[in-house]
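Structure first, commentary second.
The values are calculated or read from the model by the stated rules, or taken from the named source; none is laboratory data. Values in this document were obtained by computation on a predicted structure and should not be read as measured data. Please note: Cβ atoms are built from the backbone with ideal geometry, for glycine as well, and neighbour counts cover all protein chains shown. Protein only, heavy atoms only, side chains kept; ligands, DNA and RNA dropped before computing areas. Shrake-Rupley method; radii C 1.70, N 1.55, O 1.52, S 1.80 Å.
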Amino acid sequence: MTGTIVDVPGVKVGHAQNEEALTGCSVILLDKPSVCGVDVRGSAPGTRETDLLDPLNLVSVVHAICLSGGSAYGLDAATGVMQYLEEKGIGLDVGYGVVPIVPAAVLFDLAVGDHRVRPDRHMGYQAAAAATSEAVSEGNVGAGTGASVGKLNGFANAMKSGLGSASLTLPNGLVIGALVAVNAVGHVMEPKTGEILAGPLDEHREIRDSVDMMLQHAFSPIPPSTNTTIAVVASNAKLTKAEAQKVAQMAHDGLARTIRPIHTMYDGDTIFSVATGEMEAAVDVVGTLSADVLAAAVVNAVKAAKEAGGLPAYSSFHN
């Protein structure tokens, strides 16, 4: 077991990134079509195919999920994932070929690196082709390449974040995993201790509590268009679309335990929930544990990040 989302049977992950421009994308590739739900809590989302995932709508399975930087431009990466899957004959059979179902969500990383370079169709194709069941790389990779946190004291005083993953295996064979790109406006903390791992820096280059900073202002100091945390939680449970959506809702608790503030007007926080359908499991169990695993993945994302784009990281303060 790798301790990452690929421990869920049938789940593979691939990354592609431009390390100079500091942007990239991550693809969750599924060995077989799988039930998927989504829950969007942030008020500035950039998404694709999320309406399709409503339990009221027809298509019940997806073939891959794409997480990307580049703001709305980065949604183009999902087209490359579709191209890769179509070449493999994977997708919904519509009688005139196949249509791969690839939901996607993006985060805003244009403030880091070169904003003129964004994940595109080619990068999405590369990430899909690179998908593997090996342990997921974390930190400054894929959708986390340009991620940052702690922007309440201006972007110049923010910190570098990244991509993280975690998993949990129960004795009965239930496996739950999470993959997250952490690009929050707020700070990130260790939920067990309350220690702030990364957040806004003050004039002494010390990490501050974002909520304390908000209390000092009579107005919202949140800078627009610099944020959004996007994630996938997966399990080998048998779930309906409605149950998968419920798991996505419950998984947001993992973000609330680790990121403050969360789900703001300037975040587009989005979680996809995938169920590969191998074993019976109660939806409340899957949802509760998905929140725990996602919280661990958020912590891993911050701890694995390296200094980049002029922003210090957790590792800058913990040698």
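Comparison of G268, G309, G277 shows that the only residue that is under 16 Å from the mean Cα position of the chain (by Cα) and in contact (Cβ under 8 Å) with a residue 60 or more places away in the chain is G268. From the list V299, V247, V286, V274, the lone residue that is in a strand (DSSP E or B) and out of contact with any His (no Cβ under 7 Å at 6 or more places or on another chain) is V274.
Matching residues to (1) at positive phi; (2) open to solvent by less than 10 Å² (accessible area, probe 1.4 Å); (3) without any contact (Cβ under 8 Å) to a residue 60 or more places away in the chain:
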site: H15; (1), (2), (3): no, no, no
site: I28; (1), (2), (3): no, yes, no
site: G46; (1), (2), (3): no, no, no
site: V59; (1), (2), (3): no, no, yes
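Across segment 223-238, a minimum of one residue is classified as more than 19 Å from G199 (Cα to Cα), in contact with a strand residue (DSSP E or B) (Cβ under 7 Å, 6 or more places away or on another chain) and not in a strand (DSSP E or B).
Conditions (1) more than 20 Å from G186 (Cα to Cα); (2) in contact with a Ser or Thr (Cβ under 6 Å, 6 or more places away or on another chain); (3) buried (at least 21 other Cβ atoms within 10 Å of the Cβ); (4) at pLDDT 95 or above, marked per residue:
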position	(1), (2), (3), (4)
F219	no, no, no, no
H252	no, no, yes, yes
H263	no, no, no, no
V274	yes, yes, yes, yes
E278	yes, no, no, no
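A quick yes/no check of all residues on (1) out of contact with any His (no Cβ under 7 Å at 6 or more places or on another chain); (2) closer than 30 Å to F155 by Cα; (3) in a loop (DSSP other than H, G, I, E, B):
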site: E86; (1), (2), (3): yes, no, no
site: L110; (1), (2), (3): yes, yes, yes
site: R116; (1), (2), (3): yes, yes, yes
site: M123; (1), (2), (3): yes, yes, no
site: V136; (1), (2), (3): yes, yes, yes
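Here D93 passes the criteria (1) open to solvent by 60 Å² or more (accessible area, probe 1.4 Å); (2) in contact with a Leu (Cβ under 9 Å, 6 or more places away or on another chain) except the one numbered (2). Does segment 110-118 contain at least one residue that is in contact (Cβ under 8 Å) with a residue 40 or more places away in the chain and under 21 Å from V13 (Cα atoms)? Yes, there is a match, as at least one residue in segment 110-118 is in contact (Cβ under 8 Å) with a residue 40 or more places away in the chain and under 21 Å from V13 (Cα atoms).
Criterion applied to G24, G42, G74 was being farther than 26 Å from A291 by Cα, crowded, with 17+ Cβ neighbours inside 10 Å, small (G, A, S) and in contact (Cβ under 8 Å) with a residue 24 or more places away in the chain, and the one residue passing it is G74.
Only one entry in A129, A77 is closer than 17 Å to I230 by Cα, modelled with pLDDT of 95 or more and in contact with a Phe, Trp or Tyr (Cβ under 9 Å, 6 or more places away or on another chain), namely A77.
Selection over segment 187-206 of residues that are over 11 Å from S161 (Cβ atoms) and open to solvent by less than 50 Å² (accessible area, probe 1.4 Å) gives a count of 7.
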